[in-house]
1. Which three semi-axes in whole Å describe the equivalent ellipsoid of the range 238-321, each the square root of 5 times a Cα gyration tensor eigenvalue, listed largest first?
2. Could you please state, rounded to a whole Å, how far the C-alpha centre of the range 85-129 is from the C-alpha centre of the range 166-198?
3. When you count, for each residue, the other Cβ atoms within 10 Å and take the mean per peptide, how do 182-189, 158-165 rank with the highest first?
4. GNM on the chain, C-alpha springs below 10 Å: top fluctuator among TRP20, TRP64, TRP195?
5. Among GLN134, GLN118, GLN198, whose mean-square fluctuation peaks in a Gaussian network model of the chain (Cα, cutoff 10 Å)?
6. Once Rh is set to the Kirkwood radius over Cα pairs, what Stokes-Einstein translational diffusion coefficient, in µm²/s, holds for the range 191-299 at a temperature of 4 °C and a viscosity of 1.567 mPa s?
7. Under the definition of Cα pairs under 8 Å and six or more residues apart, what whole-number percent is the relative contact order of the range 254-353?
8. Roll a 1.4 Å probe over the protein chains and send me the accessible area per residue for the chain in Å².
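The values are calculated or read from the model by the stated rules, or taken from the named source; none is laboratory data. What you see is a predicted model; the values in this text were computed from it and never measured. Every residue, glycine among them, receives a Cβ derived from its backbone with ideal geometry; neighbour counts consider all protein chains shown. When the accessible area is computed, the model is the full protein with side chains, heavy atoms only, and any ligands, DNA or RNA have been set aside. Shrake-Rupley method; radii C 1.70, N 1.55, O 1.52, S 1.80 Å.
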Amino acid sequence: MARVRILLTGAAGFIGTATWRELVADGHDVVAVDLLLPEAHAATTRDDPPAGVHVLDVREAGGWADLLQGCDAVVHLAAMVGAGATAADLPLYAGHNDLGTAALLAAMHAEGVGRFVQASSMVVYGEGRYSCPQHGPQAPGPRTREALDGGEFDNPCPVCGGPLDWDLVPEDAPFDARSSYAVSKVAQEGYAAAWARQAPGAAISLRYHNVYGPGMPRDTPYSGVAAMFRSSLERDEPPTVYEDGRQMRDFVHVADVARANLAAVRGVLEAPVASHRAYNVCSGTPIAIADVARHVAAGSGRDLEPRITGQYRIGDVRHVVASPERAREELGFTASVTPEEGLGAFATAPLRA
């Protein structure tokens, strides 16, 4: 790919920092934008931003559209993340994620920038994909409080009531957003698809699975479960695991996510106009949550078996793991860091405050 100019939002964040390095290492010019929200940047203030970062709000992108001049593409990572703990969080997600994306796309259209890569999330799927050994593919309903109280964590088959097996989720699976964050990610993908048709332009939405690695925030609403396990171990406490620990997820290293972002830039620059395509960004190696805790513990050198509590959170999904095939076939992206390798190294990797 020839040298291009890319506007990168969320450039000072966990994934943004790694992506910025990857883009520059590949020879590209980066225009870095970040609002430096306190929720994600507790140790960095807007009065003292990282070198090269324009402290700007994507909700006001029309006011700084001059930064888009000469850009070939935009990589949009800026967002409020986390599950959205209460209904009071709804305006934050709708503002930063929905309105922010719409304002940025409108500014891109005004400046003639027609290529867009956007950070989405596996949360758009809700539950993963399931099948019954006797009755084939099934779409289970929400798990009941009574079943969870009784330690019955697996989704039952709607036909026979037996436990369902999990399978890999493809990108054409239906949306089932279960939190304000998830709803905002569905909306962002919708805006990207609508803009691609109307502008016209080309857009790619990357559905990140559980991202971890160096530079991850410590003990904030943006921290993932791997960081929480690590914090417990550093206090010489066993990591706390909900349910029975056998719920399956996909953990993808931030270095691989940065590589996927670069692959998406290459892909979107070659994509036809009026196109929108979504891709899972995952390791392709499903792992049980209890084993995530064990790998982090092993990497820390602490012989602490996870504390599996049987507790649960209403609304948590049982299994959600992704198919990596579309990203491999169409973007040429395959993760290079295995969960065992990456989670062990994560135990002692530098984190951000």
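1. Working: eigenvalues 236, 58, 12 Å².
Semi-axes from the Cα gyration tensor: 34, 17, 8 Å.
2. 10
3. Values: 182-189: 22.5, 158-165: 14.2.
Per-residue mean Cβ counts within 10 Å order the peptides as 182-189, 158-165.
4. Largest GNM mean-square fluctuation: TRP64.
5. GLN134
6. On the way: Rh = 15.9 Å.
Translational D for this selection: 81 µm²/s.
7. 44
8. On a per-residue basis, 43 Å².
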